[in-house]
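First up is the structure itself, then whatever we jot down about it.
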Amino acid sequence: MTPVTVGAFRQFTEDPDIDIEMPPPPNFNPGWKREDHPIVRVTWEQAQRYCTWAGGRLPTEAEWERAARGHRKGLKYPLGKALSHKQAVFFQLGRRPPWFPRPAENWPMNDFGLVHMVGNVWEWMADWYDPAAYGGRTEQAPCVDPQGPATSPCDQRVVRGGSWADKLAAQRISNRRGLEPGTISKEVGFRCALDSWPT
């Protein structure tokens, strides 16, 4: 499973019951010709509406982090304790910049069959962003599928995963940021979570 692609998001916008248009294409994907690349420049609400339309929803932070770690605990990155450019798309000084995200094809999968859990594009989460959300957790807080805060002190939603334009430090599984829900960025996309597998 990959972040939502340009082609998939186009199908959503072409549904006659949907009143959302394709966002303005970034300069690295003129006319959205690269349909196998992740869709970017979508707001949190547009991402949420797509997931509902597709029969899913945006993942919570806890779900995303569990998915990124696969079956293994204590990982810094989805595929181990180190990360290479053969595993993810990210920026590194002294190396030719990637300049834009890449399609999911031919990238290594984690234990759950997921690609680009870090690098390529930041991903919108369902949760509100609170910078102190993890530091303030108590031992009594639920460990299984913990829910995020009900509000955000800065009116932001969480994004996870780092992007093609970020350095290695941003690609850690534990890294998190907050963005205003109306943010439109060439570095931000999303993926959906399903509560049950389609039959």
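The values are calculated or read from the model by the stated rules, or taken from the named source; none is laboratory data. The structure displayed is predicted, hence computed values, not measured ones. Cβ sites come from the backbone with ideal geometry, for glycine too, and all protein chains shown count toward neighbours. To get the accessible areas, we keep the full protein, side chains included, count just its heavy atoms, and leave off ligands, DNA and RNA. Shrake-Rupley method; radii C 1.70, N 1.55, O 1.52, S 1.80 Å.
Let me spell out the model: positive unit charges on the Cβ of Lys and Arg, negative unit charges on the Cβ of Asp and Glu, origin at the Cα centre of the stretch 35-118. What dipole size does that give, in debye rounded to 20?
420
How charged is the neighbourhood of Asn27? Take every other residue with its Cβ under 14 Å from the Cβ of Asn27, and add Lys/Arg as +1 and Asp/Glu as -1.
Around Asn27, the surrounding residues sum to +3.
Ignoring everything but the protein chains, give the 1.4 Å probe accessible area of Arg69 in square angstrom, nearest 10.
50
Run the 1.4 Å probe and let me know the accessible area of Arg57, rounded to the nearest 10 Å².
About 60 Å², rounded to the nearest 10.
Could you rank Glu105, Glu65, Glu21 by how accessible they are, 1.4 Å probe, largest area first? Show your work: numbers first, answer last.
Numbers: Glu105 130, Glu65 40, Glu21 150 Å².
Solvent-accessible surface, decreasing: Glu21, Glu105, Glu65.
Would you please put 23-33, 38-48 in order of how densely packed they are, using the mean number of other Cβ atoms within 10 angstrom per residue and starting with the highest?
On the way: 23-33: 12.8, 38-48: 22.6.
For the peptides 23-33, 38-48, the packing ranking is 38-48, 23-33.
Given springs between every Cα pair under 10 Å in a Gaussian network model of the chain, which of Gly74, Gly189, Gly56 has the largest fluctuation?
Taking springs between Cα atoms under 10 Å, the residue moving most is Gly74.
How much accessible surface does Ile184 have with a 1.4 Å probe, in Å² rounded to 10?
Rounded to the nearest 10, the figure is 100 Å².
When the Karplus curve 6.51 cos²θ - 1.76 cosθ + 1.60 is applied with θ = phi - 60°, which whole-Hz ³J(HN,Hα) does each residue of the stretch 122-131 get, with x for Gly and Pro?
4, 10, 5, 10, 5, 6, 6, 9, 10, x
At 222 nm, what helix-only mean residue ellipticity would the chain give, in deg cm²/dmol to the nearest 500, using -39500 (n - 2.57) for each DSSP H run of four or more?
Rounded to the nearest 500, it is -4000 deg cm²/dmol.
In terms of the Cα gyration tensor, with a ≥ b ≥ c the square roots of its eigenvalues, is the stretch 50-91 rounded because a/c is under 1.5, prolate because a/b exceeds b/c, or oblate? Let's see the in-between values first.
Numbers: a/c = 3.39, a/b = 1.70, b/c = 1.99.
Oblate, because a/c is 1.5 or more while a/b does not exceed b/c.
Once you have a ≥ b ≥ c as the square roots of the Cα gyration tensor eigenvalues for the stretch 1-65, tell me rounded if a/c is under 1.5, and otherwise prolate or oblate according to whether a/b is larger than b/c.
Oblate is the answer for the stretch 1-65, as a/c is 1.5 or above yet b/c matches or exceeds a/b.
With the dipole of the chain worked out from charges on the C-beta (+1 for Lys and Arg, -1 for Asp and Glu) around the Cα centre, which of Cys192, Trp128, Gly113 lies farthest toward the positive end?
Ranked along the dipole, the leading option is Gly113.
Projected area of the chain, taken from the Cα convex hull and averaged over every viewing direction, in nm²?
Average of the hull's projected areas for the chain equals 12.2 nm².
Once you have a ≥ b ≥ c as the square roots of the Cα gyration tensor eigenvalues for the stretch 21-121, tell me rounded if a/c is under 1.5, and otherwise prolate or oblate according to whether a/b is larger than b/c. Can you show the working numbers first?
Details: a/c = 2.20, a/b = 1.15, b/c = 1.92.
Taking the square roots of the gyration eigenvalues as a ≥ b ≥ c, the stretch 21-121 is oblate.
For His116, His85, His71, give me the order by solvent-accessible area with a 1.4 Å probe, most accessible first, ignoring ligands, DNA and RNA.
Ranked list, largest accessible area first: His71, His85, His116.
Counting only heavy atoms of protein chains, what accessible area per residue, in Å², does the chain have with a probe of 1.4 Å?
Working: 10630 Å² over 199 residues.
The answer is 53 Å² per residue.
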